[in-house]
Amino acid sequence: MEIIFRGDKLMVTEAMKSYVDEKIGKLEKYLENSDDVRCSVVVKVRGRKQIVEITIPLKNFILRSEEEQEDFYVAVDKAITVLERQIRKNKTKLISKQTKTLIDFDFSSIEDDNEESEKQIIKRKKVEIKPMDEEEAIIQMELIGHEFYMYKDSETNKMSVVYKRKDGNYGLIESE
């Protein structure tokens, strides 16, 4: 697995790289053709907190985890634990859904600015949207750890959004 490191407001040291490399190596047992996989690791600093963001784009899914801790190594451990839990939690769904048409995008979290200023768009993403059913969209939403997921319904060919409700169930918004 190729690991690409990027530091935001800090220099990523060799010790940090080797620690992350060792921990991400534990995930290779879950991946087929792990040599073809490119993993992105972004390390950020916010105040006294270290933020570790790990993104692994696979052929049909994107695995993503972001953890914020005072200690870098604890943040890495928790991020890897989240990724393993995502894989294990969705293992049966992933195996039963032998699908080739999934959306391949990832939204990064946007920091909240505490100042009461005019809100503006600070990040844009372009995504390739492929047809899928509701269940596949829910799986993808869970894998990337977001509260909503936009997709094209394979039956109606219309844009839809699946989202996680406060009661733990899911909601669906369909375009007309």
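Please treat every number below as a calculation from the coordinates, not as lab data. All of these numbers come straight from a predicted model, not from anything done at the bench. Positions of Cβ are generated from backbone atoms using ideal geometry, with glycine treated the same way; all protein chains shown enter the neighbour counts.
Label-to-label distance for ASN157 and LYS26 is 4.7 nm, based on points extended 7 Å past Cα in the beta-carbon direction. Distance cut-off 19 Å, Cα to Cα: go down the list LYS130/LYS166; LYS126/LYS166; LYS29/LYS164; LYS17/LYS44; LYS44/LYS164 and report the pairs above it. Cα-Cα > 19 Å for LYS130/LYS166; LYS126/LYS166; LYS29/LYS164; LYS44/LYS164; rest within. The mean sequence separation of alpha-carbon pairs under 8 Å and at least six residues apart, normalised by the residue count of the stretch 1-72, gives a relative contact order of 30 percent. Using the Cβ of MET1 as centre and a radius below 10 Å, the other residues enclosed give a net charge of -4, where K and R count +1 and D and E count -1. Qualifying GluC sites (Glu not before Pro) in the stretch 3-52, where qualification requires a DSSP coil assignment and no more than 14 other C-beta atoms within 10 Å, comprise GLU32. Under the simplified labelling scheme, the VAL12-ILE129 pair shows an inter-label distance of 3.2 nm, with each label point 7 Å from Cα along Cα→Cβ.
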